[in-house]
Amino acid sequence: MFLAKKALLRPLAEPHPVSEVAELEQEILARINRLGIGPLGLGGTTTALAVHAEVASTHIASLPVAVNLQCHSARHKEIII
């Protein structure tokens, strides 16, 4: 879960420093956006703004995966003075 949160907090325009992982992120993003789901599931060409992946070594007998989704409404800030 730490790596999922680390990936979530990476700035949108910043690709992964490892070129193979950056290429994987771009491929997954392209496939997601080709689905045509769009914002709120209403259709459209943009379903996701970015895909960020982090990798780590693990034992071959296990396959740990963590997905951390962050909705725009959860990141919205407002202040009233």
Tell me which of these A56 doesn't satisfy, since it passes every other one: (1) modelled with pLDDT under 85; (2) exposed (fewer than 10 other Cβ atoms within 10 Å of the Cβ); (3) aliphatic (A, V, I, L, M); (4) assigned to a loop (DSSP other than H, G, I, E, B).
(1)
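Any idea which residue in the stretch 6-21 is surrounded by the fewest Cβ atoms within 10 Å (Cβ to Cβ), counting only those that are of a type in the set (A, V, I, L, M, F, W, C) and over 10 Å from H52 (Cβ atoms)?
Among those residues, the one meeting the criterion is A13.
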So which residues in the stretch 59-81 are more than 21 Å from the chain's Cα centre (by Cα) and either of a type outside the set (V, I, T) or at pLDDT below 80 (or both), if there are any at all?
H59, I60, A61, S62, E78, I79
Please go through the stretch 5-33 and give me each residue that is charged (D, E, K, R) and touching a residue at least 12 places away in the same chain (Cβ under 8 Å), ordered by number.
K5, K6, R10, E25
I want to confirm something. Restricting to the stretch 32-53 and keeping residues that are more than 12 Å from the chain's Cα centre (by Cα) and assigned to a helix (DSSP H, G or I), which single residue is surrounded by the most Cβ atoms within 10 Å (Cβ to Cβ)?
N33
So L29, is it within 11 Å of the chain's Cα centre (by Cα) and either of a type in the set (D, E, K, R) or outside any loop (DSSP other than H, G, I, E, B) (or both):
yes
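The values are calculated or read from the model by the stated rules, or taken from the named source; none is laboratory data. In this text the structure is predicted, and so the values were computed from the model without any measurement. Cβ: placed from backbone, ideal geometry, glycine included. Neighbour counts: every protein chain shown.
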